[in-house]
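Undergrad: Can you read through this structure? Questions will come right after.
The values are calculated or read from the model by the stated rules, or taken from the named source; none is laboratory data. Note that the structure is predicted; figures quoted are calculated from it, not measured. Reconstructed Cβ throughout: ideal geometry from the backbone, glycine too, with neighbour counts over all protein chains shown. Remember, those area values only see protein heavy atoms, side chains included, never the ligands or the DNA or RNA. Shrake-Rupley method; radii C 1.70, N 1.55, O 1.52, S 1.80 Å.
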Amino acid sequence: MNIVKASLPDRTIVRIAAHLPDLIVYGDFTPERPSMEYFDGILMFVDISGFTAMTEKFSTAMYMDRGAEQLVDILNRHISVIVEKVLIFGGDILKFAGDALLALWKVERKLLKNFITVVVKCSLEIHGVFENQESEEGLDIRVKIGLSAGHIKKLVFGDEKSYFLVIGQAVEDVRFAQSMAQMNDTILSPNCWQLCDRSVIEIERIPDQRAVKVNFLKLPPDYNFDEFFMRCVAYLDYYPSGDHKNILRLASTLESDPNLEISLQKYIMRSILKQIDDKQLRGYLSELRPVTIVFVNLQFKGQETADDLGQAIQDSSVYIDSVLKNFKGQINKVFMFDKGCSFLCVFGFPGEKAPDEITHALESAVVIFDYCSQIFKIKVVSIGVASGIVFCGIVGHSVRHEYTVIGQKVNIAARMMMYYPGIVTCDSVTYSNCSLPSYFFKELPKQHMKGVAEPGPVYQCLGLNEKVLFGMSSLSCSRQEDYPLLGRNKEIRLFLHNMKEFLLSQSSKVLMFEGVSGYGKSQLASELGYLAQAEKHRVIAIGLTKVSIHQYFHTIQLLMASVLGLDTCKHYKERQHNLEETVKNYLDEKLYCILNDIFHVQFPLTREACTTSAAKKEDEIEALFMNILKETSKEEKLIFIIDEAQYIDITSWEFLEKLIQKLNVFLIMSLSPFANTPCQSAIAIMKNRNTTYIIIGEISSKDIQSKVCLDLNVASISKELEMYLVEGSCGIPFYCEELLKNLDHHKVLTVHQYQPEEKSNVSWHALFKNYTKPQMNLNLFSSSSNEDRIEVCDIASGVRLKNMSPPSTLKEISLVQLDSMSLSQQMLVRCAAIIGQTFTTALLFEILPCWNMKMMVEALATLVQSSIFYCFQSQKELRLATKRRGATVEVHHRSLALKASSRIEGREEDQTFVLENEVTQCHILRFCKPIMQKTAYELWLKDQKAALHVKCARFLEESAHKCEHCGSGDFIPYHHYAVDIRLNTLDLDTVKKMIHTHGIKRCFLSCYHYLFFLTSPEKIGEKILYFFDITLDKITAADEILTPIESCQCQEVLESVLLPLAYHFTVLEEVDKALYYYLEIVAGYISLNDNYLAYIHLCEGERLLKSMKHDKSWCHTFESAIFYTLKGQVSFNVGQMALAKKMMRKALKLLKRVFPYSCISVLLQTHVEKSKHAFHMSQKGQDICPPGKKKLAQLHQQISCLSSLWQIYSLDDACLYKYFAHLAAMMQVNSALETQNNFQIIIAYLDYSLHSQLAGYQGLWFKYEVMAFEKIFNEPLNRETVEIIAYVAEKLSYIKYIMGYLDLSIQLGFRAHGMWQLIKDPNRHYFVLQRLTVALFLKNRYQKMVEVMDWMWSFATIEEHAISQGLFYDICLDILLYGGFIYRTFEECLEFINDREDNKILKFHSGLLLALYSDVAIWFARHEKWENFQVFFNKAKKLVQRRTPSVLYCSGFSKFMECQVLCFQKQIQDQTENVQDIGVELLKTLENLVAQSSTGPIFHPRIYHLMAYVCILMGDEENCNLFLRTALQICAIQGNVLEKIWLTISKVNNGIWEREVGFVDSDPKGNFRCLLKI
């Protein structure tokens, strides 16, 4: 009986037959419905435990990498074994019922005895397979089997779709037998035991039962079971034999037969037929999917014949099918057990998802219940409805399988159906998520339901025709003071404006707010109701539901009930009495009864009312309501608020149209977009000149942050959580709430007490543990005293938010959109999902199977129009778009209607053509909602995903390098030479050679030699400036050759190429390749000053690196060295110097360039490095073989580490550390010389020059500056040389500025500005402009400074560059504080700081933020707003310890010291204790600041000025004058005019420091108003 698996033909009829039993495939296809067939046979019912629990485990999995594919693999691996056994033993699989199956052996009655033995043998072998087997998911899979035998009937029924059942006593017996079985039991029904060969079956009696348990077969030793089996199967008509003996099932050999195919198709669900026809989407139907289950059970009276039973089932199935079809529901299974027939109906199968699915399911359930309850012979109808994620997929074997649903929600629906008979029930999820009002449901008493541990509350759906309960539809207009409405300021302003106009005018106003579900329309309506309340204002607010639109006059009925006060009446008699008192003046008493149906009262019927026509009654009611409202509006202003106004019925729309024409009312509506064209009255209201129609937009990122903090009841949230929620929610409040619930469900969120940075030990993993606070007003800032008690929300350790599976509620929304698309559009969306949230059309076209460009463009245009994708022409446009949310806009329906009437024919075709052109021009697209991308991604099978990821990686690797502007190399120099991991073998040097470069020989090659003969530094300076001028002229003359056409595109490369590559290789589990690209990404983001994203991706790299810890190769060592180097650079940039030093040392050790720890070692190593340096200098001009590419990669990393190390050591106050700094600088020079790369050598020379000047090595700096120039004089003028020259100009400008040579710094700065402007490198340009502006400011060259400020502002706004904007506003504040005039108002500067302080780039630029916070604190101190001062002073204080060796930090720290001086002044005024000690400590700090080598001389005048002020505050006039004189001398040397003015004022005042100084005569026109108060 061993069957060899043969390959199966791929014919449509074979694929269809695999879904059906032989009983149907080889049956009689009579058109008669219902039809009945009688036969004898044996039934086997196999129940498999463990699958439901497994389904739940997968459906609640946190990450996207655990899905339906693994589940279906496990399910089918076990079920296939059972199917194979049944087929081998000659059985026919009738049905798969979730995790159970029913099999049949159709034989003549005389053969039942022998075949029962065969079936028992089959069942025992099935048990044997599972006896000691455990799945890889740790779930114990066991089976229970029941057997029965006897007479069986096959019932075929249906209409357009056909279904079948087996019915009869044998069917009841097999279910009963299985229910008695325990794990690994086989139970024979009483009739089966009577008919079997008792001599060969050993059984065990079951107490008080006629059924028996099978223990084993007791065959004689010489009994040949195989021969016995072959004799038996010879009687089976369709058992494979002869040429087909090696296949499991004869139906898998069917030849094409159109007639048979058509007959069989009627038994197959629509979803399956679509999948069979469309091979492109094979496997698409197996998924974990949110659906709604409707289980319908029909219990019969018990006296009916088989024909009566068949007719009742026929009538029920036809009606159920027709109802489900309207809402894309389908019958999945039909069962016949317990003298009842059950229909498993499902809404939301793949390709069949519809909006408002749950409501449709409940509506269908109620309609089906009402209809089936009337069918003759049906005694009880019970329906259970449950919603949630279940497994939907193909279960079984390749030759016999079915599409089924498995999951806890299926079980819950089935149990509710059985435990709550005679009603329609639903679970809590269905109740909560449907759009029916709560008063349509009643909570039922809890019952213990078998197999369901915690079903939750169960509700009865009372039906859709219940009378309205007054008061149930009112909308609350109260406000939660601790939970304000966020992000709707514009809408509220529009409301207040319209409200004002309404109160002043005598006409009605209509304000309509449209927004899709989840935008917070109901909260907005409630808030407006609260704001509308005032004396003599009558605010009536109601909320409608989906059923409202189908009920006559329903909306007006609710409004008038509130106007008349009937909504608060507890009994109809009270309601009737109040109504009678109100209408007696407006309506004839004989017509009172026409109000009975509207207000559910019981006025006596009269002859007059009965004889009045329906139209006349409507007129009477309308007139009555108008009169009542007219009288009411005389006393009070009527304000009607209607939530979910799209559900207003037609009659109510007509009344409202007349109402706003006749009376003075204010009508406020919130509504979702109309599903169908609204009625004429609704359109007329929208077009009315007094209507304001608003489409509400998404809320801002700041408001999302605030909402999350309020929802979690925390003071702030982590940056990572903020980014996840802001991006995932797309500014939609409902999305944000669902994402938060999902995180909470998976226990991802952790709430803990906030630990201030200065009180915590900073480690790498805590480096960016910054928290985003909710938006708040200035007076709501929390004080530092409360900081220790505040709670913050963070992410649990090890959680990868970006890989988390979306919540089922949001996934369902995306599935509705997906299923509404054509199959080709679905394929495009799914392919795009593989690439990622953002993708290029070129890559998409590469992976689309067998598409042409025209097909793709047409499909993309449709999807862009449907708001599935956004399209952009560049990454810059994309970045700007992602920062903005869809704003609230006003729509003028009246104007649109006029335009529509004048449209010419073919306009739609023109619009389509325009859209397709736009898509063609845009090469970058992005999913509008990340949830759609994740949902579509999860639909792929694992092997399909892997193949597409490889395709993507191969395509992208061709572009995996810097942009052409930056030389097309690696972000980490020579990285790919040291670590050869590319899929493609194209050498980057080859790429560079392909780029056309031009060189122009200089006409003054011997200038350098002339420099050495010049003895005057001034003349050398003139020559250098002349050199830069000549270079600028040549660059300008040869513009197209020497300067790039476009600016740096490296950020685009990072986002479009490297990030996707790292992602694809991570998914493919190609760890080494993924690590390579993550390190490249980090280096790229560091170059762009985005330290936060560098940190995030470095953490991803660290996870990968740890998985490779057993790799001892050089490549792994080098990658580890790069990793530590990058770690050090990030730590260095954010001011964590101890961590940076540690990382740099680790990297150098791996790079075989160990940096010494002790002072003695430093001195010895210095001697070695000096010898090495002398050797390198002696070989200058000689032809030396350049180092190899791998060696160059190593040297570049050494240079990077050493450059940071000397700057770190220069920050330390200890004297001995200057030797460490000097050694690091010397080692940097030597490593640079070893590379033989002029650019690296020039950088090292200039760094060494700066270090020498700051450290006081006077004889060295000039030499190395000249040597740096030597390297560029004899180079041909090409693009690379131009960039080197620009760098030299910038670096020299920086050095001269920090050393206090302001005039030379300005001259060099203008030339550097000119070069970077031509080179188009924004990442360097803005720092040049900032230093140039500050230098001009110190020189009091205001006119030129303002010109540069204009350049800076233009640059900052065009590039949307956070740091350049921060630098701009820092200078604006300096002008306010020290310049005496206003370039930008303080309020604008403060708004920028409050708005951008949580920016992911600005947040970690400690020097810039320190300067900004200190500036604001100084401003408040001078205005004696000490509470506000304290807020910003505390913020600045936290940043002080994040010390960096940068001009910005020095500038910020000097301002912070000024804050401390002002604070000290306040303490003296307040007579604080120990104030003299505070002053002494402050003076020491200032003195140490001057003494530090990292503090450039440019800051000395300001520091000495502050020291003088502290002295005068302490009464030390002598030292005060000394410090003033020193500061003035330095100002004279530097040409620091600004500081000199303030020093002169202080000197003139002879120690009396005025709190207010009048005007500084620095402007000939006298326009500059002094604001300095020091």
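Undergrad: Describe numerically, in nm with one decimal, the distance between label points set 7 Å from Cα along Cα→Cβ at D1033 and at H765.
TA: 6.2 nm
Undergrad: Same structure again: Can you pull a Stokes-Einstein diffusion coefficient for the chain at 10 °C (1.306 mPa s), Rh from Kirkwood over Cα pairs, as a whole number of µm²/s?
TA: Numbers: Rh = 39.1 Å.
Translational D for this selection: 41 µm²/s.
Undergrad: Which values, in whole Å and largest first, are the semi-axes of the equivalent ellipsoid of segment 130-241 obtained as the square root of 5 times each eigenvalue of the Cα gyration tensor?
TA: Its equivalent ellipsoid spans semi-axes of 26, 22, 19 Å.
Undergrad: Between H752 and D1111, what is 0.36 nm times their sequence separation minus the Cα-Cα distance? Round to one decimal in nm.
TA: Details: separation 359, 0.36 × 359 = 129.24 nm, distance 3.81 nm.
The H752-D1111 span can extend by a further 125.4 nm.
Undergrad: Largest first and in whole Å, what are the equivalent-ellipsoid semi-axes of segment 215-368 based on the Cα gyration tensor, each being the root of 5 times an eigenvalue?
TA: Gyration-tensor ellipsoid for segment 215-368: 38, 25, 17 Å.
Undergrad: Another one. Could you state the accessible area per residue of the chain in Å², with a 1.4 Å probe and every protein chain left in place? Kindly include the intermediate steps, with their values, before the conclusion.
TA: On the way: 66250 Å² over 1574 residues.
Per residue, the chain has 42 Å² of solvent-accessible surface.
Undergrad: Next up: Over all directions, how big on average is the projection of the convex hull of the alpha-carbon atoms in segment 1019-1176, in square nanometres?
TA: Values: hull surface 59.2 nm².
The Cα convex hull of segment 1019-1176, projected and averaged over all directions, gives 14.8 nm².
Undergrad: With runs of 4+ DSSP H residues as the only contributors, calculate the mean residue ellipticity of the chain at 222 nm using -39,500 (n - 2.57) per run, divided by the residue total and rounded to the nearest 500.
TA: One gets -16500 deg cm²/dmol as the mean residue ellipticity at 222 nm.
Undergrad: For segment 709-751, what is the Kirkwood estimate of the hydrodynamic radius, computed as the reciprocal of the mean inverse distance between distinct Cα atoms, to one decimal in Å?
TA: Result for segment 709-751 stands at 10.6 Å.
Undergrad: For segment 1123-1228, run through the trypsin sites (Lys or Arg not before Pro) and keep only the ones in DSSP coil with at most 16 other Cβ atoms within 10 Å of their Cβ. Kindly include the intermediate steps, with their values, before the conclusion.
TA: Numbers: sites: K1127, K1141, K1142, R1145, K1146, K1149, K1152, R1153, K1170, K1172, K1180, K1189, K1190, K1191, K1218; in loops: K1152, R1153, K1180.
Counting only loop positions with at most 16 other Cβ atoms within 10 Å, the trypsin sites (Lys or Arg not before Pro) in segment 1123-1228 are K1152, K1180.
Undergrad: So what's the convex hull volume per residue for the Cα atoms of segment 1224-1327, in Å³? Present the calculation step by step, with values, prior to reporting the outcome.
TA: Numbers: hull volume 10.8 nm³, N = 104.
Value for segment 1224-1327: 104 Å³ per residue.
Undergrad: So, one more: What is the spread of the Cα atoms of segment 498-605 along each of their three principal axes, largest first, in whole Å?
TA: Computed over the Cα atoms, the extents are 46, 34, 24 Å.
Undergrad: With no solvent and one point per C-alpha, what does the Debye sum give as log10 I(q)/I(0) for segment 1401-1445 at q = 0.23 Å⁻¹?
TA: -0.71
Undergrad: Could you tell me what a quarter of the Cα convex hull surface of segment 1487-1526 works out to, in nm² with one decimal place?
TA: About 2.5 nm², averaged over all directions.
Undergrad: Using a 1.4 angstrom probe on heavy atoms only, work out the carbon and sulfur share of the accessible area of the chain in %.
TA: 51 percent
Undergrad: Just the projected area, averaged over all directions, of the convex hull on the alpha carbon atoms of segment 652-740: how many nm²? All intermediate terms of the calculation are to be shown ahead of the outcome.
TA: Working: hull surface 32.9 nm².
Answer in nm², one decimal: 8.2.
Undergrad: Tell me the chymotrypsin sites (Phe, Trp or Tyr not before Pro) within segment 1091-1163 that lie in a loop according to DSSP and have at most 16 other beta-carbon atoms within 10 Å. Each step should come with its number before you reach the end.
TA: On the way: sites: Y1092, Y1095, W1114, F1118, F1123, Y1124, F1132, Y1157; in loops: Y1157.
Taking segment 1091-1163 and a limit of 16 other Cβ atoms within 10 Å, the loop chymotrypsin sites (Phe, Trp or Tyr not before Pro) found are Y1157.
Undergrad: Over 31 Å between C-alpha atoms is what I'm after, so list which of K85/K446; K442/K707; K1146/K1455; K333/K377; K500/K1435; K702/K1455 land there.
TA: Beyond 31 Å: K85/K446; K442/K707; K1146/K1455; K500/K1435.
Undergrad: Using a simple spin-label model with points 7 Å from Cα along the Cα→Cβ vector, what separation in nm is obtained for T1544 and Q506?
TA: Rounded to a tenth, the inter-label distance reads 7.2 nm.
Undergrad: Let me ask you something else. For segment 1240-1295, just list the percent of Cα-Cα distances falling in each 10 Å bin from zero outward, please.
TA: 25, 54, 18, 3
Undergrad: Here's a follow-up. Using 0.36 nm per residue of separation minus the Cα-Cα distance, give me the extension gain between S867 and K490 in nm, one decimal.
TA: So the chain would gain 133.3 nm between S867 and K490.
Undergrad: Given labels modelled 7 Å from the Cα in the Cβ direction, how far is it in nm from K658 to E1427?
TA: 5.8 nm
Undergrad: For a quick size check, give me the Cα extents of segment 202-261 along its three principal axes, largest first, whole Å.
TA: 55, 34, 16
Undergrad: Scan segment 498-548 for chymotrypsin sites (Phe, Trp or Tyr not before Pro) in coil per DSSP, keeping those whose Cβ has at most 12 other Cβ atoms within 10 Å, and list them by number.
TA: none
Undergrad: Kirkwood-based Rg over Rh for segment 375-499 (C-alpha set), two decimals?
TA: Working: Rg = 21.6 Å, Rh = 18.6 Å.
In segment 375-499, Rg relative to Rh is 1.16.
Undergrad: I've got another one for you. Restricting the calculation to Cα positions, tell me the Rg (one decimal) and the Dmax (whole number) of segment 571-689 in Å.
TA: Here Rg and the maximum Cα pair distance are 16.2, 45 Å.
Undergrad: Let me have the relative contact order for segment 1309-1390, percent, based on Cα pairs under 8 Å that are six or more residues apart.
TA: The value is 20 percent.
Undergrad: For a quick check: with amide H placed at 1.01 Å from N, whose amide H comes under 5 Å from M669's, ignoring anything fewer than 5 positions away on the same chain?
TA: Counting only residues 5 or more places away or on other chains, the set is L511, M512, F513, I642.
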